[in-house]
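Peer 1: Dropping a structure here in structure tokens format, bear with me for questions.
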Amino acid sequence: MAHSFYKFRKGEVYAHCYKHPQAAITADCVIFSYDGKDLLVLLVRRGQEPFKDCWALPGGFVRPEETVEEGARRELLEETSLTAEYMEQIRVFSNPDRDPRQRVVTVPFFALVKHSPVTGGDDAAEAKWFPVDQMPDLAFDHKDIFLEAKEALKRSLYFNPVTFDLLPEKFTMPQLQRLYELILGHKFDRRNFARKMNTLEILDSPERPSGTPSRIASTFSFNRDKWYYMKKDGSTNFEF
């Protein structure tokens, strides 16, 4: 096998880099949010070919000096002006025909952000939130990536308090229950759900402004210190 010298960043020269067909690497982001009513996913309308004017997941090609996650975060910021605190990688998508331009392997992530308005940027003509049950047709194989991300979010929910990255700092028990139901796809008994969440001991004491009627729901906040203690102790099962 013949080999050649390959120049990389900062002037380094590497020997023993063998000639073979090259595959590009992209990073795609499935961005979830919650507006108090619906579980939402962020899509961008493509501003260029292929699939011009079609809806797609935010993402793009990874630069040589970046890790895949760095590329995902950069593309998310460039196309939507959003940053995500929580990101989790899902499986690699490598069908040889998934991109008509060339051989492209993509590494997708799902990410969680608190709800806010979005605008398209870079090569995204538009950015928009869609309820997860009202998705349009998507470019490339992004529908498959989206469905995989939904399942990954559901699995992660049993071991990580991911819902709190979607909620405001202060939230009600009905808001929290609604979000669990949207992610897991089934209803909970109100009393049983509240009992379970209180048993976990990761919520601060309920608050209600003095003088407000009892019908006004109390608000809670997530106690991250208690969560870190639970994680260290190994008692992090959120299964209902």
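Bear in mind that the values in this text are calculations on the coordinates, not laboratory data. Since the structure is predicted, the reported quantities are computational estimates derived from the model, not experimental observations. Quick reminder, even Gly has a Cβ in these numbers, built from the backbone with ideal geometry, and neighbours come from all protein chains shown.
Peer 1: For the range 24-154, rounded, prolate or oblate, judged on the Cα gyration tensor with a ≥ b ≥ c (square roots of eigenvalues), a/c < 1.5 rounded, else prolate if a/b > b/c?
Peer 2: Cα axes put the range 24-154 in the rounded bin.
Peer 1: Counting other C-beta atoms within 10 Å, which of L166, L43, L82 has the fewest, and how do the rest follow?
Peer 2: Ranked by crowding around the Cβ, least crowded first: L82, L166, L43.
Peer 1: To continue, here is another question. Within the range 135-150, list the residues whose amide N lies under 19 Å from a label point set 7 Å along Cα→Cβ of K37.
Peer 2: Flagged as within label range: 135-136.
Peer 1: Can I ask one more? Want the number for R224 to S94: 0.36 nm per residue separation, take away the alpha-carbon distance, what's left?
Peer 2: Gain on extension, R224 to S94, equals 43.1 nm.
Peer 1: If I model a spin label as a point 7 Å beyond the Cα along the Cα-Cβ vector, how far apart are those points for K128 and E70 in nm?
Peer 2: Roughly 3.5 nm, to one decimal.
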